[in-house]
Amino acid sequence: MKMKACLVALLIVISSFVFIIGNPVRGNTENREPHAPKEPIAKEEVNTLDTLADVIQLVTELEGEIEGEKTKLREAKTHEERSEITKEIDKLNERRESLKINFEEIATGLDLETFYQKPQKRFDWKEEIQTLIGPIINDLKTMTARPRLIENLRTQVAYYEKQISLVKEALENIHAITVQVKDESLKNQLIGLENTWNNKGRQISSQLTIAKYQLTDKLGERRTFLESSKNIIRVFFKSRGRNFVLAVFAFLFVFFLLRYIHLHIYKGSTIHKTVAGSFYIRLADVLFHILTFVGATGALLIVLYVCGDWVLLGVAFIFILGLIWTAKQTLPRFYEQGTLLLNLGPVKENERVIYNGLPWKVTSLHFYTQLVNPELKGGRIRLPLNELKDIRSRPYHHDEPWFPCKENEWVVLTDGTMGRVAIQTPEIVQLIVGGGSSKTYPTAEFLKQNPLNLSRNFCVRVTFGIDYQHQAICTTEIPPKLKEAVTTGLVNAGYRDEITNLNVEFKEAADSSLDYVIFAECSGRIAKDYYKLSRIIQKIALETCNQNGWEIPFTTYTVHTVPSPHNSSP
């Protein structure tokens, strides 16, 4: 069901993109024809005609100046004069050509630099890479062209306004000096200089008029943020963006379709059910996964090829080559994971591993491996393949335990804690100890405490000593009497059916006492009375000594339990 939902979502997304491409957003600004006049019509036409007329007039004036400079060049006598006049002629020619380009751009409404741009013919791999990536950058520049152009025009307007103010200042200074001059020759020179600066002022004023006109024209096309966003989206998805989305959709569609087919084959195939763990089935699965990625990538490239988008196709090839080059460095890791998937690695299905200090059964070995511990609540974890690189598995016997205890069983730990297991998970083990309080251990730490499980069967051992004056009867009379007394005492205490075996044996002749060890093997049903039984046996042994007149050397009276009961008791 999840796979079907993914496919449906992808279809909805691509349908939305196609709708956006096929149905451009309609707005007050966007519906205008490219060459339709803007409001107010009359004013726009007058401004355009006036600007074009000013440009023509400036071109004519510049041509007159150029002819004048050429006349001076012919009359020049020194090399320095000819060099200066030539430079001045070059500057005037550049300004004339610039004005002609401005005239043509205003009349045609085109960016002539883009129109006359020619492709390069000389092969250069750096330039070829730039050619591949350049159109993408150009698309991004196109999306942001308007605000950048407006800012550039504002900079030009500010620059020309400053130039005009400087020209006015220069003319005022020249006029002030001319008024005071009496010499006709000097006065004529100043008048000529004033005319030159007047021409410069008119030319700069014309440039300012052109820049203001273009700025006003662009500002007149101002759109709302929503309209600009829609326009950017439409421009992006008009060609290259649309091709990119279609290619990505083709990749995802083929990938999830093949995964969906594999899932149904895996669930419905009788071969997978009967010999799912065989080498050939695993090999087929691995090859299918590889072909899934290859097929999805092929679908992406085919879509770009059919759309004729050589730029994105070249970028895709470069990206794929980069992936192949990177994969070369990680080939050993892929080889290890491949052997694991084929069940040929150090970890195999249906074997036993130790992970985080706990035993686990490998129930499923795929890209995500399933580990199970049947004795733990929530004892199921999923691991990626790379987590298995430092793990080794081994075959196990069906009698091997997966955990030393189960829930509701009684255990004794090496730290002296005795309690009933309330819950055991892969993370924690919680014991109910004396009085109903609980004590929690991390699972790995719990195992380090070497838990002694009492709920199946257990043994209580008590060491008891008597004085050396009873040496004559220490091995003949005392053991059977002590055994009979302890047996009778335990029966009277209500443990008739729970004591499976009881024995009293002479242990050793200690420094100041003759020691006996009392063994009581008990059923796990009375595990909670583990410490209580030790106390009962001690009491019975003491009463038996009193009844028979056996003296006890107080310095040698000891009771042994495993572990020591000094920390807790029920």
Fill in the blank from the handout: So residue 173 and residue 382, fully extended at 0.36 nm per residue minus their Cα-Cα distance, gain in nm 66.4 nm
Exercise for the section: At q = 0.24, 0.29, 0.31 Å⁻¹, what is the base-10 log of I(q)/I(0) for segment 161-216 according to the Debye formula with one equal point scatterer per Cα and no solvent? Please give it to two decimals. Expected result: -0.87, -1.07, -1.14
Problem - Distance in nm between pseudo-label sites at residue 428 and residue 496 (7 Å out along the Cβ direction from Cα) - result: 4.5
Practice task
Give the accessible surface of segment 324-464 per residue, rounded to a whole number of Å², with probe radius 1.4 Å and ligands, DNA and RNA excluded.
Solution key: 54
Practice task
May I ask which of 70/91; 168/218; 91/200; 87/212; 91/162; 439/528 have a Cα-Cα span longer than 19 Å here?
Solution key: 168/218; 87/212; 91/162
Exercise for the section: Figure the gain on full extension for residue 517 and residue 488 (residue separation times 0.36 nm, minus the Cα-Cα span) and round it to one decimal in nm. Expected result: 8.7 nm
Practice task
For an R0 of 60 angstrom, estimate the FRET efficiency from the Cβ-Cβ distance between residue 150 and residue 350 and round to the nearest 0.05.
Solution key: 0.25
Exercise for the section: Equivalent ellipsoid semi-axes for segment 437-512, as square roots of 5 times the alpha carbon gyration tensor eigenvalues: give them largest first, rounded to whole Å. Expected result: 35, 19, 10
Practice task
Quick one: work out Rg over Rh on the C-alpha atoms of segment 385-524, Rh as Kirkwood radius.
Solution key: 1.15
Exercise for the section: Could I have the simple spin-label model distance between residue 86 and residue 108, label points 7 Å from Cα toward Cβ, reported in nm to one decimal? Expected result: 3.2
Completion exercise
Full extension between residue 164 and residue 283 adds, at 0.36 nm per residue less the Cα distance, a length in nm of 34.7 nm
Problem - Accessible surface of segment 339-485, 1.4 Å probe, proportion on carbon and sulfur as whole % - result: 49
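The values are calculated or read from the model by the stated rules, or taken from the named source; none is laboratory data. For clarity, every value in this text was computed on a predicted model and none was experimentally measured. Neighbour counts run over all protein chains shown; Cβ positions are idealised from the backbone, glycine included. The area values use the complete protein model at the heavy-atom level, side chains included, leaving out ligands, DNA and RNA. Shrake-Rupley method; radii C 1.70, N 1.55, O 1.52, S 1.80 Å.
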